[in-house]
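Presented below is the structure to which this report refers.
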Amino acid sequence: MHIGGYFFLTLLCLPTYPASAETLAPEHVPGAQTIDTHSAKSLLDQGTVFIDVRKQQDYDAEHISSAHHLPVVSDFNEQNLTALVLKENPVVIYCNGIHCMGSSKAAQQAAAWGWARVYYYRDGIPGWRLHHYPTDSTKR
């Protein structure tokens with residue numbers, strides 16, 4: 001086999017990646033505290049309000065037990081958030097994990113609106129499932 005053949009064979013063995021790099025959610029959000037799954041569970045057990053900002057179909061399929069649904073693309077606004085949690089109370093915001101930008105955007109916005117204790121649960125529903133914590137479904 002000549003050098004060109006080796007080069008081509010090497011290219012075939014390399015992993016392939018999409019043309020654009022996949023966007024990961026930021027690790028930190030201005031005005032919010034990033035929490036891990038164990039901290040999220042502890043906050044849930046203390047009665048902290050959880051906000052799921054995913055699409056309706058994702059929420060219907062599975063969500064953290066007792067989480068309220070405010071899709072970031074349609075219903076996440078100051079008035080709707082205020083109806084669920086007062087600005088002086090803590091709130092946990094999550095979506096579909098590190099590949100979902102919704103919770104970082106919503107957490108940053110909630111802080112900008114004046115919520116003082118915003119918890120950004122970056123691992124979201126995948127992290128919750130990984131630890132076998134309780135979820136609900138609204139599928140009929």
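Miscellaneous remarks
- The listed residues are 117, 129, and the only one of them that is under 14 Å from residue 43 (Cβ atoms) and among the basic types (Lys, Arg) turns out to be 117.
- In region 95-115, of all residues being touching a Phe, Trp or Tyr at 6+ places or on another chain (Cβ under 8 Å) and crowded, with 24+ Cβ neighbours inside 10 Å, the one that is farthest from residue 70 (Cα to Cα) corresponds to 104.
- Each residue in region 81-108 was checked for being in contact with a Pro (Cβ under 7 Å, 6 or more places away or on another chain) and without any contact (Cβ under 8 Å) to a residue 12 or more places away in the chain, and 0 pass.
- In the set 4, 114, only one residue is at pLDDT 95 or above, out of contact with any Cys (no Cβ under 9 Å at 6 or more places or on another chain) and small (Gly, Ala, Ser); that residue is 114.
- Tally of residues being crowded, with 20+ Cβ neighbours inside 10 Å and either assigned to a strand (DSSP E or B) or out of contact with any Gly (no Cβ under 7 Å at 6 or more places or on another chain) (or both) across region 120-138: 4
- Filter pass, residue 111 being in contact (Cβ under 8 Å) with a residue 40 or more places away in the chain, part of a helix (DSSP H, G or I), farther than 19 Å from residue 44 by Cα and not β-branched (Val, Ile, Thr): yes
- Test: residue 79 is outside any strand (DSSP E or B), out of contact with any Lys or Arg (no Cβ under 6 Å at 6 or more places or on another chain), under 16 Å from residue 25 (Cβ atoms) and at pLDDT 95 or above: no
- The residue that is farthest from residue 82 (Cα to Cα), counting only those in region 35-70 that are touching a residue at least 24 places away in the same chain (Cβ under 8 Å), of a type in the set (D, E, K, R) and surrounded by fewer than 16 Cβ atoms within 10 Å (Cβ to Cβ), is 36.
- Scope region 78-109; condition over 11 Å from residue 49 (Cβ atoms) and either in contact with a helix residue (DSSP H, G or I) (Cβ under 7 Å, 6 or more places away or on another chain) or hydroxyl-bearing (Ser, Thr, Tyr) (or both); matching residues: 78, 82, 94, 95, 96, 97, 100, 103, 104
The values are calculated or read from the model by the stated rules, or taken from the named source; none is laboratory data. It should be emphasised that the depicted structure is a prediction, and the values quoted were computed from it without experimental measurement. All Cβ positions, glycine included, derive from the backbone under ideal geometry; neighbour counts span all protein chains shown.
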